[in-house]
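One structure is given below, encoded as structure tokens.
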Amino acid sequence: MDLSYILNELGEDRELYYCAVAPPILQTSNFACRTVDEMREMLRNEAEAYLYTRGNNPTVTMLEKKLAALEGAEHAIAFGSGIAAVSAAVLSQVNAGDHIVCVDKPYGWTNTLMNRFLPRFGVEVTMVDGTDPENYRQAIRPNTKLLYMESPNSFTFELQDIAAIAALAKEQGCSTIIDNSFASPLFQNPIQFGVDLVVHSCTKYIGGHSDTMGGIVCGSRERINKIFEREYMTLGAVLSPHDAWLLLRGLRTLPVRMEHVAETTRKVVAWLEKQDKIAKIFYPFSPSHPQYELARRQMRNNTGQFTIALKTDDIRKIDRFCDSLQHFLMAASWGGHESLIYPAAAYHTPDGKYKSKLAVNLVRFYIGLEEADYLIQDIEQALRMI
Ligand SMILES: Cc1ncc(COP(=O)(O)O)c(C=O)c1O
């Protein structure tokens, strides 16, 4: 399906709302039925009906249709946050007594879901180094139901070979889920590699303005309707119509923003690679990266995240570098207009303890929509401080 069509027309029926260019926000909890028969019909097929906004809402549907199309999926279901989408997708695939193989070092709350939440309900999880699909194979047990990926994964951006792991899952009769937030639906489409469910934190690139939160799960109609009837309706982590509208607005400019971010990031990384105060850059799109070929094979382009390792473990110097940056905000998340850093050193406590598996000299960067020179000059002056 044509990208321009998806972003500008798909799911929009302007005749229904005075030919307004921007879609309406149907800010309603309830939809009235005209007859008992009509209500009966809606209850029979609530997954496809407008009966109650904790089920479906037309503004939210518009977003779901566009995101499903962007991922090449049959259907999609929207949530109030990315982690709500991750949790619902994972819960939909397992029962007590089942086992999951999950990529090591996923997003922090996904890690909590896997290692603290699911074990309370009798689901076991094995975390593996995802850079070699063989590690997934070795971890599979007779009760393994799900192989979970996040590629590239958080902070150090290791890739998993999506096609190889999806093929392994099919061979072993397991399902697959991937968190595709890093790449955005423009730069990587895991369904084409055989993945069953694709999840995004829409809070990131899809929203793109750091002003709203949301999540989406994309997959077959059968799998998505199953999530609707179980996790979605009972846990109730729905996306509000207003947030869906903000995400629709974000989607209109997604290709322009992604291209700009990609180009600026390439320039900033190229400059950083020449700096002698930096020991290493975690960025799969550098030709020297061990997974460069895989990155080129399964992703269409680089995005705005990378991590640097400063050539010092001195916490005062690391703090000074980060505190000296003027144009990078220090914050969680990424994908908005503003450039950000997230230092691992933030896990260092005042009593000298360090509560992270990440090396303390790592600083994660996200490049936003500012110009490359503006950002490079800022990093240059901050590096001079150490
Ligand atoms: C890779 C990844 N997945 C999921 C999430 C969770 O998304 P949200 O914050 O929208 O719940 C995040 C948040 O930072 C993330 O980085």
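The values are calculated or read from the model by the stated rules, or taken from the named source; none is laboratory data. Please read these numbers as outputs of a predicted model, since none were measured by experiment. Cβ coordinates were reconstructed from backbone atoms using ideal geometry, including for glycine residues, and neighbour counts include every protein chain displayed.
Please specify each residue of segment 347-368 satisfying the condition of being in contact with a Pro (Cβ under 8 Å, 6 or more places away or on another chain) and of a type outside the set (A, V, I, L, M, F, W, C).
Hit for segment 347-368 is ARG364, nothing else.
Of all residues in segment 100-143, count the ones that are over 16 Å from LYS357 (Cα atoms) and within 12 Å of the ligand (Cβ to nearest atom).
So the count comes out to 1.
Suppose we keep only residues that are out of contact with any Leu (no Cβ under 6 Å at 6 or more places or on another chain), among the small types (Gly, Ala, Ser) and surrounded by fewer than 21 Cβ atoms within 10 Å (Cβ to Cβ) within segment 58-81. Which one would you say is nearest to SER181 (Cα to Cα)?
Looking at the filtered set, the residue picked out is SER81.
Name the residue, out of ILE77, ILE100, ILE83, that is touching a residue at least 24 places away in the same chain (Cβ under 8 Å), of a type in the set (A, V, I, L, M), assigned by TED's automatic domain parsing to the domain that holds TYR136 and closer than 16 Å to LEU247 by Cα.
Only one candidate qualifies: ILE77.
Give VAL261, VAL268 a once-over and let me know the one that is part of a helix (DSSP H, G or I) and over 17 Å from the mean Cα position of the chain (by Cα).
VAL268
List the helices (runs of 4 or more DSSP H) that sit entirely inside segment 1-71 and contain at least 1 residues that are free of Cβ contacts under 8 Å to residues at least 12 places away in the same chain and more than 28 Å from the chain's Cα centre (by Cα).
Because the criterion is at least 1 residues that are free of Cβ contacts under 8 Å to residues at least 12 places away in the same chain and more than 28 Å from the chain's Cα centre (by Cα), the helices (runs of 4 or more DSSP H) in segment 1-71 that meet it are 36-44.
Kindly indicate whether any position in segment 32-45 is at positive phi and assigned by TED's automatic domain parsing to the domain that holds ARG230.
No, because not a single residue in segment 32-45 is at positive phi and assigned by TED's automatic domain parsing to the domain that holds ARG230.
Limited to segment 282-311, what total is found for residues that are aromatic (Phe, Trp, Tyr) and either surrounded by fewer than 15 Cβ atoms within 10 Å (Cβ to Cβ) or under 30 Å from THR349 (Cβ atoms) (or both)?
3
For SER92, only one of the following conditions fails: (1) within 14 Å of the ligand (Cβ to nearest atom); (2) buried (at least 19 other Cβ atoms within 10 Å of the Cβ). What is its number?
Just one mismatch for SER92, condition (1).
Residue check: is ALA331 under 30 Å from THR253 (Cβ atoms), in the same structural domain as GLU273 (by TED's automatic domain parsing) and within 16 Å of the ligand (Cβ to nearest atom)?
Against the criterion (under 30 Å from THR253 (Cβ atoms), in the same structural domain as GLU273 (by TED's automatic domain parsing) and within 16 Å of the ligand (Cβ to nearest atom)), ALA331 qualifies.
Output the residues belonging to segment 239-264 that are over 23 Å from GLU71 (Cβ atoms) and of a type in the set (S, T, N, Q).
Once the filter is applied, which keeps residues that are over 23 Å from GLU71 (Cβ atoms) and of a type in the set (S, T, N, Q), segment 239-264 yields only THR264.
From LEU358, LEU369, grab the single residue that is at pLDDT 95 or above, in the same structural domain as CYS322 (by TED's automatic domain parsing), assigned to a loop (DSSP other than H, G, I, E, B) and in contact with a Lys or Arg (Cβ under 9 Å, 6 or more places away or on another chain).
None of the other options fit; the residue is LEU369.
GLN93: part of a loop (DSSP other than H, G, I, E, B), polar (S, T, N, Q) and touching a Leu at 6+ places or on another chain (Cβ under 9 Å), yes or no?
So GLN93 passes the test.
Which residues, taken from segment 312-326, are in a loop (DSSP other than H, G, I, E, B) and surrounded by fewer than 15 Cβ atoms within 10 Å (Cβ to Cβ)?
Passing the criteria: ASP313, ASP314, GLN326.
What are the pairs with Cβ atoms under 9 angstrom where one residue, in segment 264-282, is outside the structural domain of SER339 (by TED's automatic domain parsing) and the other, located anywhere, is part of a helix (DSSP H, G or I) and surrounded by 15 or more Cβ atoms within 10 Å (Cβ to Cβ)? Sequence gap at least six, or different chains.
Between residues of segment 264-282 that are outside the structural domain of SER339 (by TED's automatic domain parsing) and residues that are part of a helix (DSSP H, G or I) and surrounded by 15 or more Cβ atoms within 10 Å (Cβ to Cβ), there is no close pair.
Determine the pairs where a residue that is on the phi > 0 side of the Ramachandran plot, located within segment 366-381, has a partner that is surrounded by 13 or more Cβ atoms within 10 Å (Cβ to Cβ) with Cβ atoms under 7 Å apart, the partner being 6 or more residues away or on another chain.
Sorted first by the residue in segment 366-381, then by its partner, the list stays empty.
Could you run through segment 210-222 and say how many residues are away from the ligand (no atom under 14 Å from the Cβ) and surrounded by fewer than 22 Cβ atoms within 10 Å (Cβ to Cβ)?
So the answer is 3.
Of all residues being among the small types (Gly, Ala, Ser) and more than 14 Å from ASP323 (Cα to Cα) in segment 337-366, which is surrounded by the most Cβ atoms within 10 Å (Cβ to Cβ)? Just the residue, please.
Among them, the one singled out is SER339.
For segment 72-89, which residues satisfy the criterion of being within 15 Å of the ligand (Cβ to nearest atom) and not aliphatic (A, V, I, L, M)?
PHE79, GLY80, SER81, GLY82, SER87
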